[in-house]
Amino acid sequence: MRPTTKTVLGLQLPTDPRWVNLAEISLEEILTDHAYCEQKAATSGITLIQAFPDYPEVVDAVAPLVTEEWGHFRMVLQELKKRGLRLGFQRKDEYVNGLHAFQKKGGRPGDRLIEKLLTFALIEARSCERFRLLSLGIDDESLRQFYHKFMISEAGHYRMFLDLAQSIGPPEVVKTRWQEYLDFEAEMLATFPVRGDRIH
């Protein structure tokens, strides 16, 4: 059963508190996964621009985000190096794949774009929630500050993607679909084991 208390950013299922402790134990793994999350965010932004160049508001908003996300990738690489840790191999992202499978396929280009924007918004919202937990719960003060900066950034990205979706489609339709995404994400996460080597 889904808990009645909602988390920040409209998320319907709060992250299990044990996740922070597990992430701290698996620091090399969580930083590796974080690095690839930033790399994939940059790549996804480029793909979005390539697929929808006829939406200038999307191009204008996402182009600088691509640069920012790639900068974040480099920041995480530097954090790994500073701590004497190594970047591991990328793993299959069941969370993102699940959200992609939930997207409605076909329809008008605008409809497909909204699906992608809502997916990106949800990924950023969950990342923000987890970075907040790390910024509050991890023992290392330097790492808490590191993740506080990422938390603020992800919150802005979440809002940007959601605002773009609402500017492209009828706001009430987008709002209804967004709630469907939130409900699906909570149900999906409830089936995942609690593991500290993944951001999602």
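The values are calculated or read from the model by the stated rules, or taken from the named source; none is laboratory data. From a predicted model like this one, the values you see are computed outputs, not experimental measurements. Reconstructed Cβ throughout: ideal geometry from the backbone, glycine too, with neighbour counts over all protein chains shown.
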Odd one out for residue 53, checked against (1) more than 23 Å from residue 122 (Cβ to Cβ); (2) free of Cβ contacts under 8 Å to residues at least 40 places away in the same chain; (3) crowded, with 18+ Cβ neighbours inside 10 Å: (3)
Close pairs (7 angstrom Cβ cut-off, 6 or more residues apart or separate chains): touching a residue at least 24 places away in the same chain (Cβ under 8 Å) and farther than 19 Å from residue 94 by Cα in the range 21-40, among the aliphatic types (A, V, I, L, M) and surrounded by fewer than 21 Cβ atoms within 10 Å (Cβ to Cβ) anywhere: 24/138; 27/85; 28/85
Any hit, the range 10-27, residues being surrounded by 14 or more Cβ atoms within 10 Å (Cβ to Cβ), at positive phi and not hydroxyl-bearing (Ser, Thr, Tyr): yes
Residues of the range 160-200 that turn out to be assigned to a loop (DSSP other than H, G, I, E, B) and either of a type outside the set (Phe, Trp, Tyr) or on the phi > 0 side of the Ramachandran plot (or both), as a count: 11
For residue 104: the one exception among (1) in a helix (DSSP H, G or I); (2) within 17 Å of residue 185 (Cβ to Cβ): (1)
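How many of the residues in the range 138-179 are more than 28 Å from residue 70 (Cβ to Cβ) and touching a residue at least 60 places away in the same chain (Cβ under 8 Å)?
3
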Any chance residue 32 is of a type in the set (S, T, N, Q), surrounded by 16 or more Cβ atoms within 10 Å (Cβ to Cβ), modelled with pLDDT of 95 or more and more than 25 Å from residue 111 (Cα to Cα): yes
Count - residues of the range 182-197 that are within 15 Å of the chain's Cα centre (by Cα) and among the charged types (D, E, K, R): 1
Restricting the range 81-98 to residues that are in a helix (DSSP H, G or I) and either touching a residue at least 60 places away in the same chain (Cβ under 8 Å) or more than 20 Å from the chain's Cα centre (by Cα) (or both), the residue that is nearest to residue 29 (Cα to Cα): 81
Residue in the range 13-25 that is in a helix (DSSP H, G or I) and among the aromatic types (Phe, Trp, Tyr) present: yes
Qualifying residue in the range 170-181 (condition: more than 13 Å from the chain's Cα centre (by Cα) and over 19 Å from residue 111 (Cα atoms)): no
Per-region count, the range 107-142, residues under 26 Å from residue 166 (Cα atoms) and either part of a helix (DSSP H, G or I) or in contact with a Phe, Trp or Tyr (Cβ under 7 Å, 6 or more places away or on another chain) (or both): 24
Qualifying residue in the range 66-79 (condition: among the basic types (Lys, Arg), within 24 Å of residue 185 (Cβ to Cβ) and surrounded by fewer than 20 Cβ atoms within 10 Å (Cβ to Cβ)): no
